[in-house]
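**Student:** Below is one structure. I have some questions about it.
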Amino acid sequence: MTMVIDASTFTQPDNLADFIFESYNFDYASGVLSLHYRYANGDQFCEKIQFPLPLPHLTHAAETALDQAFRLIFLLSGISYFKAWLAPRLRCEAFTLPVDLADFLQTVYVAGLGEFSVQNKLDIVDFFRFEFDKNARFNPQVLTLSHRHLVPMGGGKDSLVTLDLLKKNNEQVVLFQSGNAETITRVVKETTLDVIKCQRHIDPALFILNEQKGAYNGHVPITAILSSITVACAILYDFTTIVFSNEHSASEGNMMIGDRVINHQYSKSFEMEMALQNIITTMISPNIKLFSLLRPLSETAIVERFSRDPHYHSVFMSCNKTMKVQAHNRLSHWCCHCPKCQYVFLSLAAFIDKESLVEIFGRNLLDDADQINDFSALLGIAASKPFECVGTLQESQQLLAYLALKEEWKSCLVIKALAPSVTFDPAVWKSLFDLKAPHNVAEPYLRYLQESQPCH
């Protein structure tokens, strides 16, 4: 069931001051990219992004491409500050925007703030526009880069499955890490691979606005921002290929507002992936490829692959409460109450024995009566799909129905309560392990997926 919500109670923001992309600059000696934004009526922000030293000597073409990548980071990172008050007009004083780039940003900002707009009951679709110059042009550069793979590591099962596929096929891999979250650092260390670690320093003024002045707050398309940072890393540290781990399920929305899909995972969706690759090719360089290796896989198929090798079972972490922006709000363990924890537990239960799974989480989430309603939301029984990175409603339904047939799980309270609402379908279950379209996975990577298909 996909919920359609009534937006008649939504209102437009009342801030009429322009949001301005003021300037950006990169200090090559320190590796710090500074991003400056302001509202025309007052608030100013400066975000800093630290790139690891030492930095290599770049050709003129690479310097030009890097500057273009910094512009993309500048424009996408601005959404964190734009959302504080919102504005009807977004102006870039640092450079002029070609129309195609303005259209791309318009889509990312509207779709990427979809969840934010629902939670704040704001009608933003036709509220704001990016200024552009119809005569502005892109300046993509031809680069000579090494055939190496930069793999963003979030510490969860998905990126570890991607890593395993690439390593087994002898591809050269270096990890990308954003931030200092303990859970990610722990997994990165366990891989023993080299890592490029970048640190975003969000302006503390933003948190003050949220806490003291009632600014708007909510979800932003963080994967889009991190993707732009990986593009700069590809140029700086010599990579042809950026390999993300976003699955087929990420393209499914959570709810509808009229005919508009609201998707928590928009910046992980196939639509976003293709739009971003187009911007990379036409704005920065046609020699940099960004794609998701797991796009043809369902969440269930990814979990099945992850379950095969227990090496990372004790260290991986998919709970987003370990990834909070402010360090004092982060957990270092599974919270065992959020939709992400619940979905990961539900899906892993189909492939890992109960004793091992309870050891990973510290408790049996499926035997907790207080979580029945939460699990019913994952199934789409009584509510919309949670605003989280979880599998499709169909996957959750089939997973629970499958567990209801298993002796060690069928007596658990959540299974007993929800099993009458779902029906196990062997054909649907089998289809969860098929490679799915659409995707942008070319050879030989598609062959890596095909060769590792399970026998279901």
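**Student:** Among the chymotrypsin sites (Phe, Trp or Tyr not before Pro) in segment 3-45, which ones are in a DSSP loop with at most 13 other Cβ atoms within 10 Å of the Cβ? Mind listing them? Write down the numbers at each step before the final one.
**Tutor:** On the way: sites: Phe10, Phe19, Phe21, Tyr24, Phe26, Tyr28, Tyr37, Tyr39, Phe45; in loops: Phe10, Tyr28.
Listed in order of number, the matching sites are Tyr28.
**Student:** Could I ask something else about it? Rounded to the nearest percent, how much of the accessible area of segment 344-452 (1.4 Å probe, protein heavy atoms only) is carbon and sulfur?
**Tutor:** Working: 2270 of 4700 Å².
After summing per-atom areas, the C and S share lands at 48 percent.
**Student:** How big is the gap, in Å, between the Cα center of segment 22-89 and the Cα center of segment 155-200?
**Tutor:** Cα centroid to Cα centroid, the span is 25 Å.
**Student:** Moving on. What is the sum of charges, Lys and Arg at +1 and Asp and Glu at -1, for the other residues whose Cβ falls under 14 Å from the Cβ of Leu143? Each step should come with its number before you reach the end.
**Tutor:** Details: positive: Arg148, Lys289; negative: Glu63, Asp67, Asp238.
Once all neighbours under 14 Å are counted, the net charge is -1.
**Student:** Please calculate how many Å² of accessible area the chain carries per residue, with a 1.4 Å probe and no DNA, RNA or ligand atoms counted.
**Tutor:** Values: 18520 Å² over 456 residues.
Accessible surface, normalised per residue, equals 41 Å².
**Student:** Let me ask something else. Ranked highest first by the average count of other Cβ atoms within 10 Å around their residues, in what order do 298-305, 110-117, 278-285 fall? Numbers along the way, then the final one.
**Tutor:** Working: 298-305: 24.5, 110-117: 22.9, 278-285: 21.0.
Peptide ranking by packing, descending: 298-305, 110-117, 278-285.
**Student:** Within 10 Å of each candidate Cβ there may be at most 15 other Cβ atoms; applying that plus a DSSP loop requirement, which trypsin sites (Lys or Arg not before Pro) in segment 338-407 survive?
**Tutor:** The qualifying sites are Arg363, Lys406.
**Student:** Nearest 500 deg cm²/dmol is fine: what mean residue ellipticity at 222 nm does the chain get from its DSSP H runs of n ≥ 4 alone, each adding -39,500 (n - 2.57), divided by its residue count? Mind dumping the intermediate values first?
**Tutor:** Numbers: 17 runs with 164 residues, N = 456.
Computed ellipticity for the chain at 222 nm equals -10500 deg cm²/dmol.
**Student:** Long-range amide H contacts for Gln199: which residues qualify at under 5 Å (H placed 1.01 Å from N, peptide plane, sequence gap of 5 or more or a different chain)?
**Tutor:** Distant-sequence amide H within range of Gln199: Gln50, Gly179.
**Student:** Calculate I(q)/I(0) for the chain by the Debye formula, one identical point scatterer on each C-alpha and no solvent, and give its log10 at q = 0.06, 0.07, 0.08 Å⁻¹ to two decimals.
**Tutor:** -0.26, -0.36, -0.47
**Student:** So for the chain: antiparallel DSSP bridges make up what percent, rounded to the nearest 5?
**Tutor:** Details: 21 of 44 bridges.
In the chain, approximately 50 percent of DSSP beta bridges are antiparallel ones.
**Student:** To continue, here is another question. What's the center-to-center distance, using Cα atoms, between segment 410-450 and segment 245-276 in Å?
**Tutor:** Comparing the Cα centres of segment 410-450 and segment 245-276, I get a distance of 18 Å.
**Student:** Another one. I'd like to verify something in the chain: which complete DSSP H helices, judged by Cα projection on the helix axis, reach 20 Å or more and average at least 1.6 on the Kyte-Doolittle scale?
**Tutor:** Values: long enough: 60-77 (25 Å, 0.71); 222-237 (22 Å, 2.09).
What comes out of the filter, once short or polar helices are dropped, is 222-237.
**Student:** Going by accessible area, probe 1.4 Å, with all protein chains left in place, what is the ranking of Ser178, Ser421, largest first?
**Tutor:** On the way: Ser178 35, Ser421 75 Å².
Result of the area sort, largest leading: Ser421, Ser178.
**Student:** Next question. For segment 31-74, give the percent of accessible area contributed by carbon and sulfur heavy atoms, probe 1.4 Å, rounded to a whole number. Can you show the working numbers first?
**Tutor:** On the way: 940 of 1780 Å².
Within segment 31-74, the accessible surface is 53 percent carbon and sulfur.
**Student:** Evaluate the charge dipole of the chain about its Cα centre and quote only its size in Debye, nearest 20, assuming +1 on the Cβ of each Lys and Arg and -1 on the Cβ of each Asp and Glu.
**Tutor:** Details: 38 positive and 49 negative charges, 73 e Å.
Dipole size: approximately 360 debye.
**Student:** Could you pull the accessible area for Thr107 with a 1.4 Å probe, rounded to 10 Å²?
**Tutor:** 60 Å²
**Student:** I would also like to ask the following. Among Leu58, Gln68, Tyr109, flag the residue with its Cα farthest along the positive direction of the charge dipole of segment 35-132, charges on Cβ as +1 for Lys/Arg and -1 for Asp/Glu.
**Tutor:** Farthest towards the positive end: Tyr109.
The values are calculated or read from the model by the stated rules, or taken from the named source; none is laboratory data. For clarity, every value in this text was computed on a predicted model and none was experimentally measured. Quick reminder, even Gly has a Cβ in these numbers, built from the backbone with ideal geometry, and neighbours come from all protein chains shown. Protein only, heavy atoms only, side chains kept; ligands, DNA and RNA dropped before computing areas. Shrake-Rupley method; radii C 1.70, N 1.55, O 1.52, S 1.80 Å.
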